[in-house]
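Asker: There's a structure below that I have some questions on.
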Amino acid sequence: MTKTSDIFLQGEAILDIEFVSFGEHPSVQEILIEAAKFRSSNGDGEYLVFVEDELEPLDAHGHLPKGKEGEPVRVHVHRCREIAVTVTFNGAITADPFAPGRTIESVKKAMAHALGLDPRDAAEHVLQLAGSTERPDADTHIGSLVSHGTCVLAFDLVPLKRVEG
Amino acid sequence: MDGVLAMRPDERSLRRDLAAGRFLAGQASGRWRLVAVRWPYAVITVSASDGEVYGLRFECSDYPATAVTAQPWDHEADCPLPHSRWPKGASKIALAFNPAWKEGRCLYLPCHRLSIEGHDNWRSEHPAMLWDPARGICKYLGIVHQLLNSGEYGGRRG
């Protein structure tokens, strides 16, 4: 029986989370080839492969590390090495760079902490793309939200409102 | 293959979304889990911050063009979840999980097919919580997961 490695793939110009199967121990180059098939557009420059929430990209000539207990590895493919994120909350602004494979949930926690919210208060708030009503899912990678080769993102940290009336 | 071809387009769309990366990623994270699909119903559990899991039975006719309905469901006994075992909590939780609303057949949320009826004000007040055919059932599940993992969630009743 042939072993396979499954990944959850996100990335620049990839519109959703894709579930992709490879042979055992896929190379970074194999992942790059597969990611290109899912992109709605291709840009100039080198695409990098990140493991979710990791700061540094994988070596372009290396292989994907194994997932914990055989779980699919969560992978992000992007041209930006980091995304400059700005979050506005009650008039206060905080800014920090993050790797493109960071999830919305982990960026929210980090920025809420920087803004002085305790974890309980942070759980009552969500990140909303500035100038929109779009609230990306918790496991969305922030790099997926950056278009046209830019490496900048702006959010508002907004409270979860009660639904009534 | 013949079975897939014989399916209605709405069932095919739902099964496609349940096999897609976004749903599977949420399942792998432990946020939700598919129990069964018996068209037009799908039973899916959502995990809460205290480790409890709550079943929901979704009615998915005309998916994804039309919003789904979701009823709290005992996924082991395969019957409506007794009101005494619904989630409890302050404010947002008590409003969303209200057994008195539509006799307990609905969650009081803008993304719910029946609850949005007569609530046109929600379209401007809660645009981020409206049903979105492009994000389908994962958006609904994400909203419920957020509620069950908020600070206002107070565990299971009873």
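Asker: Given the criterion closer than 20 Å to B:Arg22 by Cβ, buried (at least 18 other Cβ atoms within 10 Å of the Cβ) and more than 14 Å from chain A (Cβ to nearest Cβ), identify the matching residue among B:Val53, B:Val68, B:Val144.
Answerer: B:Val68
Asker: Consider the stretch A:17-47. How many of its residues are within 14 Å of chain B (Cβ to nearest Cβ), free of Cβ contacts under 8 Å to residues at least 40 places away in the same chain and surrounded by 14 or more Cβ atoms within 10 Å (Cβ to Cβ)?
Answerer: Looking only at that region, the number is 4.
Asker: Also: Looking at the stretch B:6-35, which of its residues are under 12 Å from B:Ile137 (Cα atoms) and of a type in the set (Lys, Arg)?
Answerer: Across the stretch B:6-35, the qualifying residues are B:Arg15, B:Arg16, B:Arg22.
Asker: Then there's this: Could you say whether any residue in the stretch A:146-158 is in contact with a strand residue (DSSP E or B) (Cβ under 9 Å, 6 or more places away or on another chain), surrounded by 14 or more Cβ atoms within 10 Å (Cβ to Cβ) and part of a helix (DSSP H, G or I)?
Answerer: No, the conditions are met nowhere in the stretch A:146-158.
Asker: Which of the residues that make up the stretch B:118-136 are polar (S, T, N, Q) and at the interface with chain A (Cβ under 9 Å from one of its Cβ atoms)?
Answerer: Passing the criteria: only B:Asn121.
Asker: While we're on this one: Among the listed residues A:Leu58, A:Leu160, identify the single one that is in contact (Cβ under 8 Å) with a residue 12 or more places away in the chain, more than 14 Å from chain B (Cβ to nearest Cβ) and either more than 20 Å from A:Glu34 (Cα to Cα) or in contact with a helix residue (DSSP H, G or I) (Cβ under 8 Å, 6 or more places away or on another chain) (or both).
Answerer: One residue alone meets the criteria, A:Leu58.
Asker: Are there any pairs with C-beta distances below 8 angstrom linking a residue in the stretch B:82-110 that is without any contact (Cβ under 8 Å) to a residue 24 or more places away in the chain and within 12 Å of another protein chain (Cβ to nearest Cβ) to a residue that is of a type in the set (Asp, Glu) and in a loop (DSSP other than H, G, I, E, B), with the two at least 6 apart or on different chains, and if so which?
Answerer: What qualifies is B:Leu95/A:Glu164.
Asker: Which count do you get for residues in the stretch B:56-114 that are under 13 Å from B:Tyr41 (Cβ atoms) and among the acidic types (Asp, Glu)?
Answerer: The qualifying residues number 2.
Listed here are the residues, each with its yes/no results for (1) at pLDDT below 95; (2) under 16 Å from B:Ser49 (Cβ atoms); (3) among the basic types (Lys, Arg).
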{"site": "B:Leu130", "(1), (2), (3)": "no, no, no"}
{"site": "B:Pro133", "(1), (2), (3)": "no, no, no"}
{"site": "B:Ile137", "(1), (2), (3)": "no, no, no"}
{"site": "B:Leu141", "(1), (2), (3)": "no, yes, no"}
{"site": "B:Leu148", "(1), (2), (3)": "no, yes, no"}
{"site": "B:Gly151", "(1), (2), (3)": "yes, yes, no"}
{"site": "B:Gly155", "(1), (2), (3)": "no, yes, no"}
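Asker: Of the residues that make up the stretch B:2-13, is at least one in contact with a helix residue (DSSP H, G or I) (Cβ under 7 Å, 6 or more places away or on another chain), assigned to a helix (DSSP H, G or I), β-branched (Val, Ile, Thr) and buried (at least 16 other Cβ atoms within 10 Å of the Cβ)?
Answerer: There is no residue in the stretch B:2-13 that is in contact with a helix residue (DSSP H, G or I) (Cβ under 7 Å, 6 or more places away or on another chain), assigned to a helix (DSSP H, G or I), β-branched (Val, Ile, Thr) and buried (at least 16 other Cβ atoms within 10 Å of the Cβ).
The values are calculated or read from the model by the stated rules, or taken from the named source; none is laboratory data. Predicted model only: the values in this text are computed from it and were never measured. As a convention, Cβ positions derive from the backbone with ideal geometry for all residues, glycine included, and neighbour counts pool all protein chains shown.
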